[in-house]
Amino acid sequence: MQFKNVNIEDLKNIALKAGEAIMQIYNKDFSIEYKDDKSPLTQADLKSNELICSELNRLYDNIPIMSEENKQVSYDIRKDWEYYFCIDPIDGTKEFIKKNGEFTVNIALIYKNTPILGVVYAPALNKLYWADGNNSYKNNKRLPLKINENPEEELHIVASKSHLSSETQEFIDNLDSKEIEQISKGSSLKLCMVAEGVADIYPRLAPTMEWDTAAADAIVRCAGKMTYQYEDNKPMVYNKKDLLNPWFVVR
């Protein structure tokens, strides 16, 4: 599969620059606005978005961009995109506001409906994950770092810190293993933890958008795991008419 001549090093450098800009705002007082859907927005979201979009446009002006913070392009136009960048300038804005460090910069390259390259950078935690189309890495170490040899004895489940639904909790409670450890984490770090092998399963039986998962999903797939739609157990797809993700399970 061609990566449209996109260099993963470019995407990593852009994410690192965005992270630096975000941390300058994170380390001082900042104002919070609220979007129409009541989700929070900070200067850092906008600054990161501006930086990522301008760098991608400069380097790859022939590849369209879908971002949480941009006006969405109509499906009539984007359904014909072969490649596009899917970005979330800050995933985990609530975690950013709480200053717990669990927020990420997310940049993915999507081919048709599949994420193939991805960078997830958590600047406050100094963690950089990426997928180069073949393999996945965390701070230069190839993933997965751990493999659970005895899932029937012990399962490590990661779930949302700010958005844990009762359906997700019920799914976790019904898992078949002698011992279940449940970890709470913010942002797209949850998918990365499954790619890494720190967690075995990440169930999300609650709403997310395509940009919330795209970059980390590339990392999951290149680490030999998969993000499955909860209803039909098929791999998750992108650039749908409705950009809302279905419920999913990463394993």
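The values are calculated or read from the model by the stated rules, or taken from the named source; none is laboratory data. Not measured: the values here are computed from a predicted model. All Cβ positions, even for glycine, are placed from backbone atoms using ideal geometry, and neighbour counts span all protein chains on display. The accessibility values were calculated without ligands, DNA or RNA, using every heavy atom of the protein model including side chains. Shrake-Rupley method; radii C 1.70, N 1.55, O 1.52, S 1.80 Å.
For this structure, a couple of remarks:
- Scan of region 154-173 for residues that are farther than 16 Å from residue 248 by Cα, open to solvent by 80 Å² or more (accessible area, probe 1.4 Å) and either among the small types (Gly, Ala, Ser) or touching an Asp or Glu at 6+ places or on another chain (Cβ under 8 Å) (or both), ordered by number: 161
- The residues in region 117-145 that are surrounded by 18 or more Cβ atoms within 10 Å (Cβ to Cβ) and either within 13 Å of the chain's Cα centre (by Cα) or free of Cβ contacts under 8 Å to residues at least 12 places away in the same chain (or both) can be counted, and the count is 11.
- Residue 56 vs. criteria in contact with a Lys or Arg (Cβ under 6 Å, 6 or more places away or on another chain) and hydrophobic (A, V, I, L, M, F, W, C): no
- With respect to the conditions (1) among the hydroxyl-bearing types (Ser, Thr, Tyr); (2) surrounded by fewer than 18 Cβ atoms within 10 Å (Cβ to Cβ); (3) touching a helix residue (DSSP H, G or I) at 6+ places or on another chain (Cβ under 9 Å); (4) modelled with pLDDT of 95 or more, residue 39 lacks only one, and its number is (4).
- Residues of region 86-99 that are of a type outside the set (S, T, N, Q) and either at pLDDT below 95 or surrounded by fewer than 24 Cβ atoms within 10 Å (Cβ to Cβ) (or both): 92, 94, 95, 96, 97, 98, 99.
- Looking across 8, 14, one residue alone is closer than 26 Å to residue 239 by Cβ, β-branched (Val, Ile, Thr) and out of contact with any helix residue (DSSP H, G or I) (no Cβ under 7 Å at 6 or more places or on another chain). It is 8.
- When restricted to residues that are closer than 18 Å to residue 113 by Cα, among the charged types (D, E, K, R) and surrounded by fewer than 18 Cβ atoms within 10 Å (Cβ to Cβ), region 42-76 contains 1.
- Here residue 176 passes the criteria (1) open to solvent by 40 Å² or more (accessible area, probe 1.4 Å); (2) assigned to a loop (DSSP other than H, G, I, E, B); (3) out of contact with any Ser or Thr (no Cβ under 9 Å at 6 or more places or on another chain); (4) under 30 Å from residue 74 (Cα atoms) except the one numbered (4).
- Check on residue 102, touching a residue at least 24 places away in the same chain (Cβ under 8 Å), within 26 Å of residue 184 (Cα to Cα) and either of a type outside the set (Asp, Glu) or open to solvent by less than 30 Å² (accessible area, probe 1.4 Å) (or both): yes
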